[in-house]
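The structure under discussion appears below in the form of structure tokens.
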Amino acid sequence: MPDRLSAVDASLMYMEDASTPMHVGSLAVFERPATGFDFCSVRALVQQRLSYLPRYRQRVMAVPGNLARPVWVDDVDFDITYHVRRSALPEPGTDAQLAELVARLMSRPLDTERPLWEIYFVEGLSGDRVALITKTHQAVVDGVGTIELGQLILDDTPAEPDEGEDLWRPRPQPSKTELVAEAVGETVQQPGVLVDNARSLAADAAGVLGRVTGVAGGIAATLRTLARPAPRCPLNVEVSAGRVFAGVRTRLADYREIRAAHGGTVNDVVLAAITGALREWMLSRDVVLTDTTTVRALVPLAVVDADTMAHSPAGIVGNEVVPHLVDLPVGEADSVVRLQHVSHGMREHRDSGRWVAARSLARMGGFAPPTLHSLGARAAGTLSNRIFNLVVTNSPGPQVPMYAAGARMSEMFPIVPLLRNHALAVGVTSYDGGVYIGLNGDRKAVHDIDAFATMLEESVAELKEYSR
């Protein structure tokens, strides 16, 4: 039997175009040790880790005539040097220059004739730092059989791993005749497969996923909102092919202090801070706000799923990421009241009985946030983008240092892809005492991404001021 893409994965492939590439990314910054951690050592590390996850050496092959969904096949011409690339900034490279490089790289779709991932080793940063920028297509990462590349290469000790022997040998690719014969055979045995493929080809992801969300359960609030379109918002415009990126550095202790003073969860505080930044950004654009103006965020959240408990190598054992919609009260002028509204909107998820606490997620094996962000983007991409205004993914990470090839990671920013007609996506990760927020925006619609980043910092500071 061919290793065929699922209906969801096929939809993610079909929906992609030059303006909306469907890859998830991350920006990780490392402190360069006195010796080691050069381009060759990172490439060797990636090469060694690929033996655990065959998907990263497979590519997507279409079935002639689209008689069935595409299949995963081994890339007989796999070339690690194509996927692990070297880049550099003019020394001493600034954070602004690094953000511009991230934006340019994220705007380029992955080559569908090759395995759907890339990683960039970036030198020249000030302070003797090195950055790794990853890109992985959402169709690759399911959290059960395959995890995100950013999680794959990180360890909880500085000891460099043994490289070991790579015994991978590609299987021959099927011929077009074989693909057609298999597709016809499947259609005869299961006529419904042809209907599912037609839905995928039409990018009818919401229709395809209707059955999936029905099985997931625990998302009654989301389902009740499906019939209501999202509020009007300046973020929902036609997206260009260009991108802008900004990283925001905040302290986990500040969010915990605000939570202790006003209740809720750290995630509620994060959403309230984003709400405050959205309010100031919209006011700077002369958007008229009333007391009841809201921006609807899709916030993918982890829930317990017993069906995956025995199958995930990702450290995401027993968990699933499902969409949750929350209306962010940008019309409310009082920051504490905004937090209370957000906390109320998130309470139904916490009361569902399937909620996975942040402390449980942070204890997952390895560094799970890259995979969780990818699953969050995947959940967002399978719903109609007319029912929400932006995506906000938030994944807690370990509060201890992580390493790659002996180098300590100092910070990590998730990069969530833009959906069609969505000009901003926000990814949040807590790690080793910090909360790192990645802002991915459309270059035309959110050209002032740096101003938005400053507003977000000020929003956290305002909440903290009212917590003393």
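Quick notes
- Qualifying residue in segment 396-418 (condition: hydroxyl-bearing (Ser, Thr, Tyr), in contact with an Asp or Glu (Cβ under 9 Å, 6 or more places away or on another chain) and within 16 Å of residue 322 (Cα to Cα)): no
- Residue satisfying all of: in segment 445-461; of a type in the set (Val, Ile, Thr) and assigned to a helix (DSSP H, G or I); surrounded by the most Cβ atoms within 10 Å (Cβ to Cβ) among these: 460
- Within segment 269-307, considering residues that are part of a helix (DSSP H, G or I) and modelled with pLDDT under 55, the one surrounded by the fewest Cβ atoms within 10 Å (Cβ to Cβ): 306
- Members of segment 238-268 found to be among the β-branched types (Val, Ile, Thr) and under 24 Å from the mean Cα position of the chain (by Cα), listed by number: 239, 244, 248, 250, 265, 266
- A single entry from 220, 216 fulfils the requirement of being modelled with pLDDT under 95, surrounded by fewer than 16 Cβ atoms within 10 Å (Cβ to Cβ), aliphatic (A, V, I, L, M) and in the same structural domain as residue 295 (by TED's automatic domain parsing): 220.
- Taken over segment 427-458, the criterion of being under 15 Å from residue 280 (Cβ atoms) and of a type in the set (D, E, K, R) is satisfied by 448, 450, 457, 458.
- Filter result (polar (S, T, N, Q) and either touching a Pro at 6+ places or on another chain (Cβ under 9 Å) or within 9 Å of residue 136 (Cα to Cα) (or both)) within segment 13-27: 20, 26
- Of the listed requirements (1) more than 16 Å from the chain's Cα centre (by Cα); (2) surrounded by fewer than 22 Cβ atoms within 10 Å (Cβ to Cβ), residue 153 misses just one: (2).
- Residue 432, sole failed condition from (1) on the phi > 0 side of the Ramachandran plot; (2) in contact with a helix residue (DSSP H, G or I) (Cβ under 6 Å, 6 or more places away or on another chain): (2)
- Yes/no for residue 455 being of a type in the set (A, V, I, L, M), within 21 Å of the chain's Cα centre (by Cα) and at pLDDT 95 or above: no
- Filter pass, residue 468 being out of contact with any Phe, Trp or Tyr (no Cβ under 7 Å at 6 or more places or on another chain), farther than 21 Å from residue 99 by Cα and of a type outside the set (Val, Ile, Thr): yes
- Flag for residue 83 being free of Cβ contacts under 8 Å to residues at least 40 places away in the same chain and either under 27 Å from residue 410 (Cβ atoms) or in the same structural domain as residue 420 (by TED's automatic domain parsing) (or both): yes
- Restricting attention to segment 98-144 and to residues that are farther than 26 Å from residue 75 by Cβ and in contact with a Lys or Arg (Cβ under 7 Å, 6 or more places away or on another chain), the residue that is surrounded by the most Cβ atoms within 10 Å (Cβ to Cβ) turns out to be 130.
The values are calculated or read from the model by the stated rules, or taken from the named source; none is laboratory data. This one's a predicted model, so the numbers in the text were calculated from it and none came from an experiment. Using ideal geometry, Cβ is built from the backbone for each residue, glycine included, and neighbour counts are taken over all protein chains shown.
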